[in-house]
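All of the numbers you see were taken from the coordinates with simple rules; none came from a lab. This structure is a prediction, so every number in the text was calculated from the model and none was measured. Here the Cβ positions follow ideal geometry from the backbone for every residue, glycine too, while neighbour counts run over all protein chains shown.
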Amino acid sequence: MPRVLIFSFFVFFFWVNAVNASDLSTFVYISEDALQSGQVISLTDLAYLDIPAGSLNHSSRISLAKSEQSSELSEDFISDVFSWQILDAEINTSLSLVINNKFVESFISVYKKVDNGWEEVSYENTNNGYKILITDSFGSIVIAEKNFFEYSIVLDAETVAKGYPVKTPDGYFEFHILSGVFSKEITVNIKSLSSEVYSPNAGLSVSSPIYYFYIDSDEDINKDLAIDIKFIQGDENNKEIYYWDNQNLTWHISPSETNYTDGVVRTFTHQKEMIIGVFSGKIMEEGVASWYAWKNGDFAASPDYPKGTKLKVTNIANRESVIITVNDYGPDRSIHPERVIDLDKVAFNKIANPRMGLIDVSVELIYFK
């Protein structure tokens, strides 16, 4: 028994202090032996610091704390401040701070404390919470909700009835609320987002700021809204507006009209909430198609087009074609870069024998929902 107690003390010890009803902290010592197998430091069920094996070069004292927001923070920050400090050791590979996501909305921004304020950082939404990679020996993280807008304007009923263009101060984003779309007062909210957090799909590059807009209204949109986004000239590739699919964490093309002379792309939408931007690149029109059995019809999974889009898929070898409706997302081009589409087995069978498994196809847009 004494030997077990001594060994346990050598591995690590910790205590939790409740400074007041809202502040909480834990302080841990981790030995070099314990670091070889990796450790997790938890702050009740609010957050934890994941320390992978070999990520620190020496035994270390580590603190993890939660505190109330300071007065310098906007009221739109919805979490407490989570801070960490690593003493006596250097970081070899990144650690992870995971913050419980039970108390926040599905769309959030994560900010890290810097010298002159707060800076947005990337994160991964996992089953355990919001995961932020840590490479500094100390720092602070806070979560903001989606109404953390940089620009808001209230339009009364008389103004929206006539129609009104809403333009951001940077001049890149213009929202045309056409006459008759709304009959009551609305609030238009717009925020620019980090392209590092919402990075473009493979083969695309960012050609404008990325915007999140939200129209606060209890009315349904009865006709499309027009959106103009200026793009940055720099290459000869196609410029198209894309919107963010928050469920599949990818970008989809939006039907666009591009004015290359004025450097503006226009799209139409009936959505009151979107993440949107201009990207430069080309949609994959030829590649490999596979099949999978699911709905047993003329359907397919596409990484480029949203559900409801109709596409003409042609077998390049025999020129047989089938018109399908997109009803799923895929294939994942980070794993299968050559894949242009995944066909339902029924649709695949109309242009090739399923025993072939994979075929070369071309894809043509027929109808965009």
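For the chain, a Gaussian network of Cα nodes joined below 10 Å ranks S59, S256, S302 by mean-square fluctuation, and the top entry is S59. With the cut-off at 1.5 for a/c, could you classify the range 151-280 from its C-alpha gyration tensor as rounded, prolate or oblate? Judged from the Cα gyration tensor, the range 151-280 comes out prolate (a/c at least 1.5, a/b above b/c). Using the Cβ-Cβ distance between S42 and D216 with R0 set to 45 Å, the FRET efficiency from 1/(1 + (r/R0)^6) comes to roughly 0.75. Judged by the gyration tensor of its Cα atoms, with axes a ≥ b ≥ c, the range 139-228 is prolate; a/c meets the 1.5 cut and a/b is the larger of a/b and b/c. Under the combined filter of DSSP loop state and at most 11 neighbouring Cβ atoms within 10 Å, the range 312-342 retains these trypsin sites (Lys or Arg not before Pro): R319.
With a 10 Å cut-off between alpha carbons and a GNM built on the chain, which of I30, I359, I335 moves the most? Maximum among the listed residues: I335. Within the shell defined by Cβ-Cβ distances under 9 Å, the residues around S362 carry a net charge of -3, with Lys and Arg each +1 and Asp and Glu each -1.
The length gained by stretching the chain between Y292 and Q247 to full extension, at 0.36 nm per residue less their Cα-Cα distance, is 14.1 nm. Extending 7 Å from Cα along the Cβ direction at E273 and again at D23 yields two label points whose distance is 3.6 nm.
At full extension, Y260 and S122 could sit 46.5 nm farther apart than now, given 0.36 nm per residue minus the alpha carbon distance. Applying a DSSP loop filter and a limit of 15 other Cβ atoms within 10 Å to the GluC sites (Glu not before Pro) in the range 207-256 leaves E219, E236. The slack in the chain from N92 to L365, taken as 0.36 nm per residue of separation less the alpha-carbon distance, amounts to 93.4 nm. I'm spelling it out carefully: the read-out is Cα extents along the principal axes in Å, the candidates are (1) 61, 50, 38; (2) 81, 51, 38; (3) 78, 63, 38, and one was derived from this structure. Which label? Step by step, Cα extents along the principal axes in Å for this structure corresponds to label (3). Contact order for the chain, expressed relative to its length and based on alpha carbon pairs under 8 Å spaced 6+ residues apart, stands at 10 percent.
What shape does the range 286-367 have by the C-alpha gyration tensor, where a ≥ b ≥ c are the square roots of the eigenvalues, rounded means a/c under 1.5, and otherwise prolate means a/b greater than b/c and oblate the rest? Cα axes put the range 286-367 in the rounded bin.
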